[in-house]
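Following: one structure in structure tokens, then a few remarks.
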């Protein structure tokens, strides 16, 4: 299926033009990871999503060590993709994006249990994860948007314009565009910041203060 082919290709993107890295507004505030349009994503919410999506990846794909920057990249891709697809009014694409429901999640977990992919206790944990997190793990919106771009249903200029509304806290990296318009967060060297990998839900953003050795 063309949609699956596009999804596989989306895993091999190359960083391109710099999209954002300075001049943050909402991201200057404590505990803000990103602002996507009018929606503010807090660091606590990002950590919750990391736990949910990480559990899905570990249970069904054997992948561990999902970082907050990786989850934030996925979140940006999903939010922007859904916005662009919705604007097309194409019911086929919109329907694909809305395909994750409690019923579809339950069916997927049932299949994993039946095949022995996961243990019953893990199945209970997976069922407790909301469909929105499953949608994020599947990157359905990003896959659909990539398919829409290939089919000419979505204009590249509209997708780029939507991405330009995104502001990311630079501690998570610099937001760039891949060769297929997929957003990426590349590691950024900002020595005055606490690394995103060291954050926890109980440790709020300490702001963008200079390190003691460079403070005036």
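Listed here are the residues, each with its yes/no results for (1) more than 22 Å from residue 160 (Cβ to Cβ); (2) touching a helix residue (DSSP H, G or I) at 6+ places or on another chain (Cβ under 8 Å); (3) in a loop (DSSP other than H, G, I, E, B); (4) at pLDDT 70 or above.
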residue: 6; (1), (2), (3), (4): no, yes, no, no
residue: 17; (1), (2), (3), (4): no, no, no, no
residue: 27; (1), (2), (3), (4): no, yes, no, no
residue: 44; (1), (2), (3), (4): yes, no, no, yes
residue: 49; (1), (2), (3), (4): yes, yes, no, yes
residue: 52; (1), (2), (3), (4): yes, yes, no, yes
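Exactly one residue among 182, 112, 87 is under 23 Å from residue 56 (Cα atoms) and surrounded by fewer than 19 Cβ atoms within 10 Å (Cβ to Cβ), and that residue is 112. From the list 71, 84, the one residue that fits, being part of a helix (DSSP H, G or I), in contact with a helix residue (DSSP H, G or I) (Cβ under 8 Å, 6 or more places away or on another chain), over 26 Å from residue 119 (Cβ atoms) and at pLDDT 90 or above, is 84.
Can residue 82 be described as crowded, with 19+ Cβ neighbours inside 10 Å and within 20 Å of residue 131 (Cα to Cα)? So residue 82 fits the description; yes. Answer with yes or no whether residue 174 is over 30 Å from residue 85 (Cβ atoms) and either touching a strand residue (DSSP E or B) at 6+ places or on another chain (Cβ under 8 Å) or modelled with pLDDT of 85 or more (or both). In short, no.
The C-beta contact set for region 52-65 (first residue at negative phi, second residue surrounded by fewer than 16 Cβ atoms within 10 Å (Cβ to Cβ) and outside any helix (DSSP H, G or I), distance under 6 angstrom, 6+ apart or interchain) comprises 57/63; 58/64. Only one entry in 62, 95 is farther than 22 Å from residue 149 by Cβ and at pLDDT below 90, namely 62.
The values are calculated or read from the model by the stated rules, or taken from the named source; none is laboratory data. Keep in mind that this is a model prediction, so the values were computed, not measured. We place every Cβ from the backbone using ideal geometry, glycine too, and count neighbours over all the protein chains shown.
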